[in-house]
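Derivation of every value follows stated rules applied to the coordinates shown; laboratory data play no part. Remember, predicted model here, so these are calculated numbers, not experimental data. Ideal geometry is used to build each Cβ from the backbone, glycine not excepted, and the neighbour counts take in all protein chains shown.
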Amino acid sequence: MSNEFSGMEGGVGSSPHSTSGELIPPAKRPAGVGDLKEQIVDDLSAARDTLKEDAAAAVARVKDAVSKETSFAARQVGGIATALEKVGSELEKSDQPEVGRYARQIGSSVQTLAKQMEGRDLGEVATMAEEFGRKQPLAFLGIAALAGLAASRFLTASAKRSTSAASGSPLKSGEYTNG
């Protein structure tokens, strides 16, 4: 194969000019279909490799971001566990010792889960949460109830803020609407 691809701006096929400088019609140009197929296959392979590299880099960035969020979630779950343990201790001292003991045990289990979550990826955390739900269904339901309560309070507070902003009377610090 001689220098068939040299001097070409398009990158495929042979030169459309004869050696004397005249244009050669496409039908009379030398057939390089095999070479063209090879070039297309090479180009597709290079594009596929580039996409794989870019996808791998994107996945790595997402995993890093998720890892940071998982650590944040672990700290939040640890805070919930501490609160449950404190509530349990208070209830044990008051007139509901059985409920207090359960709350303290749930808090202890949740604290263990929070420590195990630290530094894990999202898939591992999901697996841990599933196992925790199977082993400690009461604690899992308690956390779900607390999460639901927190979400409803957040949504209620957001609705009140958007209503007050729409009416043109912003709330002052520490002031709440009746609702």
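For D121 and S89, what does the FRET efficiency come to when R0 = 41 Å and r is the distance between their Cβ atoms, rounded to the nearest 0.05?
Details: r = 34 Å, r/R0 = 0.83.
The calculated FRET efficiency here is 0.75.
What does the charge count near D121 come to, summing +1 for each Lys or Arg and -1 for each Asp or Glu among other residues with Cβ under 13 Å from its Cβ?
Working: positive: K63, K68, R120; negative: D64, E69, E118, E124.
Neighbourhood net charge equals -1.
Please report the net charge: other residues with Cβ closer than 14 Å to the Cβ of S109, K and R +1, D and E -1. Could the numbers behind the result be given before it?
Values: positive: R101, R104, K115, R134, K135; negative: E85, E131.
Net charge in that neighbourhood comes out at +3.
Quick check on region 72-167: take the gyration tensor over C-alpha atoms, sort the square-rooted eigenvalues as a ≥ b ≥ c, and tell me if it's rounded (a/c under 1.5), prolate or oblate. List each step's numbers first, then the result.
Values: a/c = 2.43, a/b = 1.27, b/c = 1.92.
In terms of gyration-tensor shape, oblate.
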